[in-house]
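Notes to accompany the following structure.
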Amino acid sequence: MKKVPVSIRIIYILASIVYYLSALVCSLGVVLVFAILFGFLTDDLQLHINMPVEVNFLEVGDAFFNGQKMEIEIVEAIGKVHLIDTPSSLVRRLAIPLLIVIPVLFWLVYLFHRFMRNVSEGRIFEKRNFELLRMLGYSLMGFWLIMVVYMQILKYTLVSNFTFEQIEITNNSRWFGGVFIGALFMLVLSHIFFKGSELEEENELTI
(Lines give C-alpha, C1' and ligand atoms only; values in the text may rest on other atoms or scores of the structure.)
Protein backbone atom coordinates (compact mmCIF):
# COMPACT_ATOMS: atom_id res chain seq x y z
CA MET A 1 0.00 0.00 0.00
CA LYS A 2 1.32 3.43 -0.96
CA LYS A 3 2.16 5.79 1.84
CA VAL A 4 -0.55 8.38 2.35
CA PRO A 5 0.67 12.01 2.08
CA VAL A 6 0.90 14.00 5.28
CA SER A 7 -1.59 16.55 3.92
CA ILE A 8 -4.25 13.82 3.54
CA ARG A 9 -3.67 12.61 7.09
CA ILE A 10 -3.98 16.17 8.41
CA ILE A 11 -7.25 16.64 6.52
CA TYR A 12 -8.55 13.36 7.94
CA ILE A 13 -7.62 14.40 11.49
CA LEU A 14 -9.40 17.72 11.00
CA ALA A 15 -12.41 15.93 9.49
CA SER A 16 -12.51 13.60 12.51
CA ILE A 17 -12.43 16.55 14.92
CA VAL A 18 -15.25 18.24 12.99
CA TYR A 19 -17.19 14.96 12.94
CA TYR A 20 -17.09 14.42 16.71
CA LEU A 21 -17.76 18.08 17.46
CA SER A 22 -20.70 17.97 15.04
CA ALA A 23 -22.07 14.90 16.79
CA LEU A 24 -21.98 16.78 20.10
CA VAL A 25 -23.43 20.02 18.72
CA CYS A 26 -26.17 18.27 16.73
CA SER A 27 -27.17 16.20 19.77
CA LEU A 28 -27.40 19.35 21.89
CA GLY A 29 -29.31 21.04 19.08
CA VAL A 30 -31.92 18.27 18.92
CA VAL A 31 -32.32 18.36 22.71
CA LEU A 32 -32.76 22.14 22.53
CA VAL A 33 -35.40 21.85 19.80
CA PHE A 34 -37.41 19.31 21.80
CA ALA A 35 -37.10 21.52 24.88
CA ILE A 36 -38.60 24.37 22.85
CA LEU A 37 -41.38 22.22 21.37
CA PHE A 38 -42.40 20.91 24.80
CA GLY A 39 -42.46 24.39 26.28
CA PHE A 40 -39.35 24.35 28.46
CA LEU A 41 -37.52 27.13 26.58
CA THR A 42 -40.06 29.45 25.00
CA ASP A 43 -40.02 32.43 27.38
CA ASP A 44 -37.75 35.45 26.88
CA LEU A 45 -36.07 34.05 23.77
CA GLN A 46 -34.31 36.50 21.46
CA LEU A 47 -34.10 34.69 18.13
CA HIS A 48 -31.81 35.66 15.26
CA ILE A 49 -32.68 34.28 11.83
CA ASN A 50 -31.01 34.69 8.45
CA MET A 51 -32.92 36.96 6.12
CA PRO A 52 -34.21 34.88 3.19
CA VAL A 53 -34.10 37.92 0.88
CA GLU A 54 -31.75 40.79 0.12
CA VAL A 55 -32.39 44.27 1.50
CA ASN A 56 -31.54 47.80 0.36
CA PHE A 57 -30.66 50.54 2.84
CA LEU A 58 -32.54 53.74 1.95
CA GLU A 59 -30.10 55.98 3.80
CA VAL A 60 -27.46 57.59 1.60
CA GLY A 61 -23.94 57.90 2.98
CA ASP A 62 -20.80 59.75 1.94
CA ALA A 63 -17.37 58.55 0.83
CA PHE A 64 -14.21 60.56 0.21
CA PHE A 65 -11.53 59.58 -2.31
CA ASN A 66 -8.62 61.82 -3.29
CA GLY A 67 -10.39 64.82 -1.81
CA GLN A 68 -13.59 64.19 -3.77
CA LYS A 69 -16.93 63.44 -2.15
CA MET A 70 -19.33 60.85 -3.48
CA GLU A 71 -22.65 59.48 -2.29
CA ILE A 72 -22.95 55.77 -1.54
CA GLU A 73 -25.76 53.32 -0.86
CA ILE A 74 -25.78 49.81 0.57
CA VAL A 75 -27.83 47.60 -1.73
CA GLU A 76 -28.61 43.88 -2.04
CA ALA A 77 -27.35 43.27 1.49
CA ILE A 78 -27.72 39.96 3.32
CA GLY A 79 -27.86 39.66 7.09
CA LYS A 80 -29.78 38.50 10.11
CA VAL A 81 -32.89 39.87 11.76
CA HIS A 82 -33.25 39.99 15.54
CA LEU A 83 -36.75 39.02 16.69
CA ILE A 84 -36.96 40.83 20.02
CA ASP A 85 -39.14 39.09 22.63
CA THR A 86 -40.11 36.39 20.14
CA PRO A 87 -43.62 34.96 20.80
CA SER A 88 -43.55 31.33 21.97
CA SER A 89 -45.81 30.21 19.10
CA LEU A 90 -43.36 31.65 16.55
CA VAL A 91 -40.40 30.07 18.36
CA ARG A 92 -42.01 26.64 18.01
CA ARG A 93 -42.78 27.19 14.32
CA LEU A 94 -39.19 28.18 13.61
CA ALA A 95 -37.81 25.26 15.64
CA ILE A 96 -39.69 22.48 13.82
CA PRO A 97 -37.64 22.65 10.55
CA LEU A 98 -34.47 22.20 12.60
CA LEU A 99 -35.53 18.59 13.22
CA ILE A 100 -34.81 18.07 9.51
CA VAL A 101 -31.89 20.45 9.04
CA ILE A 102 -29.79 19.20 11.99
CA PRO A 103 -29.82 15.47 11.03
CA VAL A 104 -29.11 16.32 7.37
CA LEU A 105 -26.12 18.46 8.38
CA PHE A 106 -24.75 15.66 10.54
CA TRP A 107 -25.31 13.15 7.72
CA LEU A 108 -23.20 15.33 5.40
CA VAL A 109 -20.38 15.51 7.96
CA TYR A 110 -20.63 11.75 8.54
CA LEU A 111 -20.34 10.94 4.82
CA PHE A 112 -17.36 13.27 4.40
CA HIS A 113 -15.68 11.69 7.43
CA ARG A 114 -16.12 8.19 5.97
CA PHE A 115 -14.82 9.36 2.59
CA MET A 116 -11.72 10.91 4.15
CA ARG A 117 -11.11 7.81 6.28
CA ASN A 118 -10.97 5.65 3.16
CA VAL A 119 -8.64 8.16 1.50
CA SER A 120 -6.37 8.25 4.57
CA GLU A 121 -6.16 4.45 4.46
CA GLY A 122 -5.05 4.53 0.83
CA ARG A 123 -8.37 3.24 -0.53
CA ILE A 124 -8.89 6.15 -2.89
CA PHE A 125 -9.86 4.64 -6.24
CA GLU A 126 -12.34 2.08 -4.96
CA LYS A 127 -15.95 1.91 -6.05
CA ARG A 128 -17.15 2.18 -2.45
CA ASN A 129 -15.40 5.52 -2.14
CA PHE A 130 -16.95 6.73 -5.39
CA GLU A 131 -20.36 5.71 -4.03
CA LEU A 132 -19.71 7.72 -0.88
CA LEU A 133 -18.77 10.74 -2.98
CA ARG A 134 -21.92 10.37 -5.08
CA MET A 135 -24.04 9.94 -1.94
CA LEU A 136 -22.44 13.06 -0.50
CA GLY A 137 -23.29 14.98 -3.69
CA TYR A 138 -26.94 13.88 -3.66
CA SER A 139 -27.22 14.62 0.06
CA LEU A 140 -25.74 18.08 -0.44
CA MET A 141 -28.22 18.65 -3.27
CA GLY A 142 -31.03 17.61 -0.93
CA PHE A 143 -29.74 19.98 1.74
CA TRP A 144 -29.66 22.79 -0.83
CA LEU A 145 -33.28 22.09 -1.78
CA ILE A 146 -34.36 22.04 1.88
CA MET A 147 -32.70 25.40 2.52
CA VAL A 148 -34.23 27.00 -0.59
CA VAL A 149 -37.73 25.78 0.33
CA TYR A 150 -37.27 26.85 3.95
CA MET A 151 -36.16 30.33 2.91
CA GLN A 152 -39.17 30.67 0.62
CA ILE A 153 -41.46 29.68 3.48
CA LEU A 154 -39.83 32.29 5.72
CA LYS A 155 -40.13 34.86 2.96
CA TYR A 156 -43.89 34.50 2.53
CA THR A 157 -44.94 33.66 6.10
CA LEU A 158 -42.62 35.83 8.19
CA VAL A 159 -40.67 38.45 6.25
CA SER A 160 -43.80 39.60 4.40
CA ASN A 161 -44.97 41.01 7.76
CA PHE A 162 -41.83 43.11 8.33
CA THR A 163 -41.89 46.90 7.99
CA PHE A 164 -38.87 49.22 8.24
CA GLU A 165 -38.39 52.94 7.76
CA GLN A 166 -34.83 52.95 6.41
CA ILE A 167 -34.68 49.49 4.81
CA GLU A 168 -36.33 48.23 1.64
CA ILE A 169 -36.99 44.49 1.53
CA THR A 170 -36.38 43.25 -2.01
CA ASN A 171 -37.85 40.24 -3.76
CA ASN A 172 -34.40 38.74 -4.43
CA SER A 173 -34.38 35.40 -2.65
CA ARG A 174 -31.27 33.62 -1.43
CA TRP A 175 -30.47 30.58 -3.56
CA PHE A 176 -27.24 29.28 -1.94
CA GLY A 177 -25.52 28.93 -5.29
CA GLY A 178 -22.25 27.79 -3.70
CA VAL A 179 -23.93 24.76 -2.11
CA PHE A 180 -25.62 23.85 -5.41
CA ILE A 181 -22.38 24.12 -7.39
CA GLY A 182 -20.54 22.07 -4.75
CA ALA A 183 -23.15 19.32 -5.01
CA LEU A 184 -22.94 19.29 -8.81
CA PHE A 185 -19.13 19.16 -8.66
CA MET A 186 -19.21 16.10 -6.37
CA LEU A 187 -21.76 14.32 -8.59
CA VAL A 188 -19.74 15.00 -11.75
CA LEU A 189 -16.52 13.94 -10.03
CA SER A 190 -18.04 10.68 -8.78
CA HIS A 191 -19.41 9.97 -12.28
CA ILE A 192 -15.97 10.50 -13.84
CA PHE A 193 -14.33 8.22 -11.26
CA PHE A 194 -16.97 5.53 -11.84
CA LYS A 195 -16.43 5.59 -15.59
CA GLY A 196 -12.67 5.49 -15.12
CA SER A 197 -12.99 2.50 -12.80
CA GLU A 198 -15.24 0.65 -15.28
CA LEU A 199 -12.81 1.29 -18.16
CA GLU A 200 -9.93 0.04 -16.05
CA GLU A 201 -11.82 -3.17 -15.24
CA GLU A 202 -12.66 -3.70 -18.93
CA ASN A 203 -9.00 -3.26 -19.88
CA GLU A 204 -7.93 -5.79 -17.26
CA LEU A 205 -10.45 -8.32 -18.60
CA THR A 206 -9.29 -7.90 -22.21
CA ILE A 207 -5.61 -8.42 -21.35
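The values are calculated or read from the model by the stated rules, or taken from the named source; none is laboratory data. These figures come from a predicted structure and were not determined experimentally. FYI the Cβ positions are ideal-geometry reconstructions off the backbone, even for glycines, and counts take in every protein chain you see.
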**Asked** Conditions: (1) more than 25 Å from the chain's Cα centre (by Cα); (2) at pLDDT 90 or above; (3) among the hydrophobic types (A, V, I, L, M, F, W, C); (4) not in a strand (DSSP E or B). Val4 meets all but one. Number of the miss?
**Response** (2)
**Request:** Take Ser139 and decide whether it is in contact (Cβ under 8 Å) with a residue 60 or more places away in the chain, surrounded by 17 or more Cβ atoms within 10 Å (Cβ to Cβ) and under 23 Å from Tyr12 (Cα atoms).
**Result:** no
**Asked** Does Ile49 qualify as being modelled with pLDDT under 90, loosely packed, with under 14 Cβ neighbours inside 10 Å and under 24 Å from Ser160 (Cα atoms)?
**Response** no
**Request:** Read through the list (1) in contact with a His (Cβ under 8 Å, 6 or more places away or on another chain); (2) farther than 30 Å from Glu126 by Cβ; (3) touching a residue at least 60 places away in the same chain (Cβ under 8 Å); (4) of a type in the set (A, V, I, L, M), then give the number of the only condition that Ala15 fails.
**Result:** (2)
**Complete:** Condition set of a type outside the set (A, V, I, L, M, F, W, C) and modelled with pLDDT of 85 or more, scope the range 182-207, selection nearest to Ala77 (Cα to Cα): answer is Gly182
**Message:** Checking the structure you have, find out if any residue of the range 130-153 is part of a helix (DSSP H, G or I) and among the basic types (Lys, Arg).
**Reply:** yes
**Message:** Just to check your reading of the model, which residue among Val75, Val91 is in contact with a strand residue (DSSP E or B) (Cβ under 9 Å, 6 or more places away or on another chain) and buried (at least 17 other Cβ atoms within 10 Å of the Cβ)?
**Reply:** Val91
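Based on what the data block shows, is Ile78 closer than 21 Å to Tyr150 by Cα and of a type in the set (A, V, I, L, M)?
On the way: closer than 21 Å to Tyr150 by Cα: yes; of a type in the set (A, V, I, L, M): yes.
In short, yes.
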**Asked** For Val179, all conditions in the list (1) within 21 Å of Val75 (Cα to Cα); (2) of a type in the set (Val, Ile, Thr); (3) free of Cβ contacts under 8 Å to residues at least 40 places away in the same chain; (4) surrounded by 12 or more Cβ atoms within 10 Å (Cβ to Cβ) hold save one; what is the number of the exception?
**Response** (1)
